[in-house]
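No value in this document is a laboratory result; all are computed from the given coordinates. If you're wondering where the values come from, they're calculated on a predicted model, not measured in any experiment. Using ideal geometry, Cβ is built from the backbone for each residue, glycine included, and neighbour counts are taken over all protein chains shown.
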Amino acid sequence: MISILVCHSYFLRFDQKQAERAKPYPPLATLQVASLLRKAGHEVALFDAMLAEDFSRFERQLDVLKPQVVLFYEDNYNFLSKMCLGRMRRAACEMLGLARVRGARIVVGGSDASDSPGEYLAAGAEVVLHGEALATLMALIDRLNADTTLDAQQLAEGLPDASVTGAKRCNGHAARLPEPKLADLPAWDLIDIEKYRRVWRRAHGYFSLNMASSRGCSFRCNWCAKPIWGNQYLQRPPREIAAEMIHLRRHYRPDHIWFADDIFGFRVDWVKEFAAALAAGGGGVPFTIQLRADLVSPRMTEALREAGCREVWIGAESGSQKILDAMNKGTRVAEIREARRLLGGAGIRVGYFLQLGYLGEELEDILATRRLVEETRPDDVGVSVSYPLPGTKFYEAVRAQLGEKTHWQESNDLEMMFSGTYRSDFYRAIRNLLHDEVTHPAAPEIARRWHDLCAREHEYRQESPGSLAPAPALRPAAAFT
Ligand code: SF4
């Protein structure tokens, strides 16, 4: 059996917004892969970049453990990894160099590597995986285990979902291998859980851990990148998830669980079975999920409450039906309002993910989003601007407009990378206003700030004849109160 150092490259300290937010989660997908490899009999160690200060521990592990293989496997559940941030790519490439000079064999998997394998191959990776590629990974490791002298081409020969130097994507047509079942528990023991607990408790007074009951999503919103799972929705049995939650409660005592699923539960029956299994096992841990507005019904709300759900984040995106339709979101603004009402009525907190700057969005659409927030009063909002990720319809639509900058460097970047209706500063100001709308709903100056912003936008349009659409007629200040 071979020795493998499993790692990832998301360093919290390289992302200022997330470092200030102080809500780090262990790299779940990385831990699942570590567990799978260990179950197959390999000797597995882990470098967790999340709370690391720099590369020094990684270098020490390379020097002391002398792993035969270094596997970079990003946490596919982490939305920050899905964003393919430029700063983390640089970190990965530096780490690749450190592993390469020590003679380790290197395999890389993750959203950014799936989109841009050439960058990782040039930095020292021998094989880049496309998508989750668990079966391909296990086959590669088996081959290495049988013969460590195989070169990269020989390793990847005939396997799907892999790239090696000189081939943009080799074996794209190779028959898919049967996917291995994920090991029952991620390799939590390889993580310094107490370090995470300290960060959470110091900043928030409680400790949250992460789980995932499913992978992927079968919906097709135009801007949502799916380099890892495509359009599949792979859900695990509710009893297995309940057992994992009970294990975490007993061994690591989290106060809260964040489910990283794009869509938790999906079916009411699944959630009811999950709730029943938790009750039979002595109860679970209060949790937060992400869910689409159109999946929230009275029965779903009740099942979630029974299971211990405390908070639901809805991908609301916009208060304008025109924009939801342009995104191919498949939800109605009325469904967002109803979901908020049902969940709030059951005592479940509600957050909205909102997106600004999508193609065709005008001031009146932004004001519709403001109205949605103002009238339905979510407990929290997360606001971003539209971000064209490779492989999406949205990316193709704006591809010709992309300049040199194609990725955000950090999650707070919020830079418009295509010719949107407005400039980045305008969207940042709207973002701040939407946040204030939630945190200080009665503050009298909010209406004035909305009005001033809209007036500034009007001036900007007049100064910028190249902007896409005619400016809407400004309503009097009273209309914005
Ligand atoms: S529902 Fe959510 S996860 Fe699914 S495609 Fe739309 S944005 Fe992506």
Handout entry: Amide N of the range 309-334 lying under 16 Å from the label point, which is placed 7 angstrom from the Cα of Asp379 along Cα→Cβ
Key = 309-315
Handout entry: Met211, Met138 arranged by Cβ crowding within 10 Å, fewest neighbours leading
Key = Met138, Met211
Handout entry: Dipole in debye (nearest 20) - the chain, about Cα centre, beta carbon charges: Lys, Arg +1; Asp, Glu -1
Key = 680 debye
Completion exercise
Counting only DSSP loop positions in the range 31-62, the GluC sites (Glu not before Pro) whose Cβ has at most 16 other Cβ atoms within 10 Å are Glu53
Practice task
Please work out the C-alpha center-to-center distance from the range 339-361 to the range 43-85 and express it in whole Å.
Solution key: 35 Å
Practice task
Enumerate the calculated ³J(HN,Hα) couplings along the range 187-199 in order (Karplus 6.51 cos²θ - 1.76 cosθ + 1.60, θ = phi - 60°), each rounded to whole Hz, writing x wherever the residue is Gly or Pro.
Solution key: 7, 4, 5, 7, 9, 7, 4, 5, 5, 5, 4, 4, 4
Practice task
Restrict the search to the range 229-274; then list the trypsin sites (Lys or Arg not before Pro) that DSSP places in a loop and that have at most 16 other Cβ atoms within 10 Å of their Cβ.
Solution key: Arg267
Practice task
Give, to the nearest whole percent, the P(r) tail of the range 276-374 beyond 15 angstrom, counting all Cα pairs.
Solution key: 61 percent
Handout entry: Full-stretch length increase - Cys93, Asp294 - with 0.36 nm per residue and alpha-carbon distance subtracted
Key = 68.3 nm
Problem - Separation in nanometres of the label points that stand 7 Å from Cα toward Cβ, at Arg253 and Ser56 - result: 3.1 nm
Practice task
Find out how many positive minus negative residues lie around Leu155, taking Lys and Arg as positive, Asp and Glu as negative, among other residues whose Cβ is under 15 Å from that of Leu155.
Solution key: -4
Problem - Spin-label proximity, Arg239 to the range 251-289 - amide N less than 14 Å from point 7 Å beyond Cα toward beta carbon - result: 273-281
Completion exercise
Here, the range 12-109 modelled as identical Cα point scatterers in vacuum has Debye log10 I(q)/I(0) at q = 0.16, 0.18, 0.20 Å⁻¹ of -0.71, -0.91, -1.12
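Tell me, what is the FRET efficiency for Ser419 and Ala22 to the nearest 0.05, using R0 = 41 angstrom and their Cβ-Cβ distance as r? Can you show the working numbers first?
Values: r = 36 Å, r/R0 = 0.87.
With a Förster radius of 41 Å, E is 0.70.
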Problem - Thr439-Asp189 pseudo-label distance in nm [points 7 Å out on the Cα-to-Cβ vector] - result: 4.2 nm
Problem - DSSP-defined beta bridges in the chain - what % are antiparallel, rounded to 5 - result: 15 percent
Problem - Spatially proximal lysines relative to Lys329 (Cα-Cα < 22 Å; intrachain offsets below 8 disregarded) - result: Lys82, Lys226, Lys393
Exercise for the section: Compute the distance in nm between two label points, each set 7 Å from the Cα along the Cα-to-Cβ direction, one at Arg448 and one at Ala276. Expected result: 5.9 nm
Completion exercise
Under the helix-only model (-39500 (n - 2.57) for each DSSP H run of 4 or more, divided by the residues of the chain), the mean residue ellipticity at 222 nm, to 500 deg cm²/dmol, is -12500 deg cm²/dmol
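How big is the dipole moment of the range 84-148 about its Cα centre under a simple scheme where the beta carbon of each Lys and Arg is +1, that of each Asp and Glu is -1, and everything else is neutral? Debye, nearest 20, please.
Values: 7 positive and 8 negative charges, 56 e Å.
Once rounded to the nearest 20, the dipole reads 260 debye.
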Fill in the blank from the handout: Around Lys17 (Cβ within 15 Å, Cβ-to-Cβ, excluding Lys17; K/R +1, D/E -1) the net charge comes to +1
Fill in the blank from the handout: Cα-based Rg/(2.2 N^0.38 Å) for the chain, rounded to two decimals, is 1.01
Exercise for the section: List every residue whose amide H lies under 5 Å from the amide H of Leu354, counting only residues 5 or more places away in sequence or on a different chain, with H placed 1.01 Å from N in the peptide plane. Expected result: Glu317, Gly382, Val383, Ser384
Fill in the blank from the handout: FRET efficiency (Glu43, Arg337; Cβ distance; R0 51 Å; to 0.05) is 0.40
